[in-house]
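So the structure is just underneath, and the comments pick up after that.
The values are calculated or read from the model by the stated rules, or taken from the named source; none is laboratory data. From a predicted model like this one, the values you see are computed outputs, not experimental measurements. Don't worry about glycine lacking a Cβ; one is built from the backbone with ideal geometry, like all the others, and counts go over all protein chains shown. Remember, those area values only see protein heavy atoms, side chains included, never the ligands or the DNA or RNA. Shrake-Rupley method; radii C 1.70, N 1.55, O 1.52, S 1.80 Å.
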Amino acid sequence: MSSGRSWFRRLAGAVWACVIGLYRLMVVLLVLMFVGGLVLALRGAAPKKLEDNVALVVYPSGDLVETLDEDPAQRLVQRIAGDPPRQTLLRDVTDALDKAAKDPRIPLAVLKLDSLDNAGLAQLQELGDAVQRFRAAGKPVYAYGPYYEQGPYLVAAQADHVSLDPLGMVILEGLGVYENYFKEGLDKLGVDVNVFRVGEYKSAVEPFERNGMSPEAREANRDWLTDLWSSYGRGIAKGRELGDDAVQDYVVGLPQALKAAGGDAATLAKDSRLVDTVETLPQFRARIAETVGWDEDHGSFRQIHFSDYLSAVGHEKRKLAHPGKTIALVVVQGEIADRESGPGVAGAETIADLLDAAREDESAVAVVLRVNSPGGSVFGSEHIRRGIQSLQADGKPVVVSMSDVAASGGYWVSMVADEIWAHDTTVTGSIGIFALWPTFNRPLEKLGIHSDGLGTSPLAGAFRGDRALPPEAAAVIQAQIEQGYRMFIDGVAEGRELPVEKVQDIARGRVWSGADAVKLGLVDQVGGLNDAVASAVRLAGLDPGDYRLEEYRPQREYPLVDSLLEFAAQALVRAQWPGLQGAAQGVLQLAAQPPLAQLATALRWMNDDPRGIYARCFCVPSVGGRRH
């Protein structure tokens, strides 16, 4: 009997093993099918066939960025849910316009910009320049909006014809820099923030030591904000063929003029020559269809979205041979931190690796460093700068293209480049560094918690957050700040070939517009990314057109399984636990309120440098995007 039972157990075990094996095989097949579907969803279906006589629709959404740095899981969720992307690559939009300008199948372009959440002034200028290049090819551009926010309107104003919904408005308000100041609140809490800085204009620390803007910061901010606002006004005036003061007059007189118009903002915009036509979207569609025809399936004029157009054109040219030489594009986007890159963070380790990859790549003959960063960690900024110097030592020129902001650490990484290009509205300079050292001994004492002990030297335990910072520790930090500032000054003097005395005069933490930075020698030329690329081609000794521009991107550290789990978790929360989702959203909305958000941001970047020393500028103006 025992042998019979043993035989039966072996048979049952074999059958069970087969069942488990089949089950696992089915799971694997299902996962493969699911992953395949996701891959198709991520890549899209086969590229749309590009027909003749269709309008190119420029309809960006979310934030206009220099490189896509979202968590792939988030982009996956957006694609599956059918939501518009939360980031749009600026280079994709300008490339689509430039390619379509030479494409006989595209007779016109349509701008629809009301889903654009956030974009900087320099980015909007680059997009507007691409619109002008499209028009210069003899092709008209039409803009339509239910309303126009201040930032997107700068682009719309470059169109041949601007339409506005009858209930719409052109919302212009001016540029501003406003911050929350925490000094009184920190005093009430008993939190001491020890501030160390060099440069009277280095205002990044002011929210922790004042209750309002200092006279020095107010003076400097007024100068560069005035430059940017004047450039914005000139851009509108040029596009709409108005006087240089038209925008300022419209903003200043808006309350009275709107009252006189009976609140009809659309008619006021037309009377002010900011728009050409007040019409509904169906009327606009019918008018465009007179040129390109009507698409019954789409219910609108015949069109192709700019991203689909790029995909179609790329598919057509995929089999063509590419030039053998490459101009490497490396992007520094977000706060500079001494770690790996992530959403909104320019990780020095990641960027240094990309620069090193470009140095080792024999096909890469030059590098364009695209900088859109207010700075951050001094250690991280220096790490990136050394990577640039290694490239130059190997004979590969490096050209910097500044976007909206390249200040403090953003300028630190730029200063040794062979050439620096910036827009006249780029916020740059801010040559200065600082450190913040908060201590919480007073709040703890109010709770009856005291710190006591002994050490073998005055510095033992001196840097604990639960103790007041002693003079010896403060002297150590201040000495490092001053040494870092000297490094910054000397680096600018050497890299820009300027006398140290002149750099000292224009530094001191002061922020400059790109136009002033050119006059001061901090920037070489005014121009956009295309100009910087052309300069890199020239410095590398290549013929125009005998190269390809390739962005070097970090390898994603998010395994596909993690992305799938993230997607599943979010889907589960959406489907099964709406109450939990609502509570989580409520917490996020509360944390996103301006005072708490700024304080949380400050606490976050204070961990981005191993020594706690920063070249950081809080100098990004509010341009205006979609309101939520």
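Structure notes:
- In the context of the full set of protein chains, residues of the stretch 188-278 present 49 Å² of accessible surface per residue (probe radius 1.4 Å, heavy atoms only).
- Hydrodynamic analysis of the stretch 138-201 uses the Kirkwood radius over alpha carbon pairs. Inserted into Stokes-Einstein at 4 °C and 1.567 mPa s, it gives a translational diffusion coefficient of 80 µm²/s.
- Difference of contour (0.36 nm per residue) and Cα-Cα distance, Glu296 to Gln483: 60.5 nm
- Subset of Lys102/Lys396; Lys396/Lys519; Lys49/Lys139; Lys112/Lys238 violating a 29 Å alpha-carbon distance limit: Lys102/Lys396
- Peptide ranges 512-525, 440-453, 326-339 listed from the most packed, as the mean C-beta count within 10 angstrom indicates: 326-339, 512-525, 440-453
- Centre-to-centre, using Cα atoms only, the stretch 330-398 and the stretch 270-309 are separated by 43 Å.
- With K and R counted +1 and D and E -1, the other residues having a Cβ less than 11 Å from that of Cys617 yield a net charge of +2.
- Fraction in percent of alpha-carbon pairs per bin - 5 Å, the stretch 336-446: 2, 12, 21, 21, 17, 10, 5, 4, 3, 2, 2, 1, 0
- Solvent-accessible area, 1.4 Å probe, carbon plus sulfur percent, for the stretch 197-277: 46
- For the stretch 387-516, the solvent-accessible area with a 1.4 angstrom probe is 41 square angstrom per residue.
- When a 1.4 Å probe is rolled over the protein heavy atoms, the share of accessible surface on the stretch 81-137 that falls to carbon and sulfur comes to 45 percent.
- Once you divide the Cα radius of gyration of the stretch 437-543 by 2.2 N^0.38 Å, the number left is 1.80.
- Förster radius 56 Å - calculated FRET efficiency between Asn53 and His450, Cβ distance, rounded to 0.05: 0.10
- Dipole of the stretch 366-440 computed with +1 at Lys/Arg Cβ and -1 at Asp/Glu Cβ about the Cα centre; of Leu391, Ala366, Gly380, farthest Cα towards the positive end is Gly380.
- Converting phi to 3J(HN,Hα) with the Karplus coefficients 6.51, -1.76 and 1.60 and the offset θ = phi - 60°, the stretch 458-472 yields x, 8, 5, x, 6, 9, 6, x, 8, 10, 5, 6, x, x, 4 Hz in sequence order, with x at every glycine or proline.
- Among the protein heavy atoms of the stretch 457-556, carbon and sulfur supply 49% of the accessible surface, probe 1.4 Å, non-protein parts ignored.
- Summed side-chain charge close to Ser430 - residues other than Ser430 whose Cβ falls under 10 Å, Lys, Arg +1, Asp, Glu -1: +4
- Candidate aspartates and glutamates for bridging to Lys446, where Cα separation is under 20 Å - those fewer than 8 sequence places away on the same chain excluded: Glu184, Asp187, Asp192, Asp466
- Test item: Cα-centred dipole of the stretch 363-443, Lys/Arg +1 and Asp/Glu -1 on Cβ, debye: 320
- Quotient of the Cα radius of gyration of the stretch 210-296 and 2.2 N^0.38 Å, N being its number of residues: 1.61.
- Spin-label pair Ala137/Glu173, simplified geometry with 7 Å Cα→Cβ offset, distance in nm: 3.6
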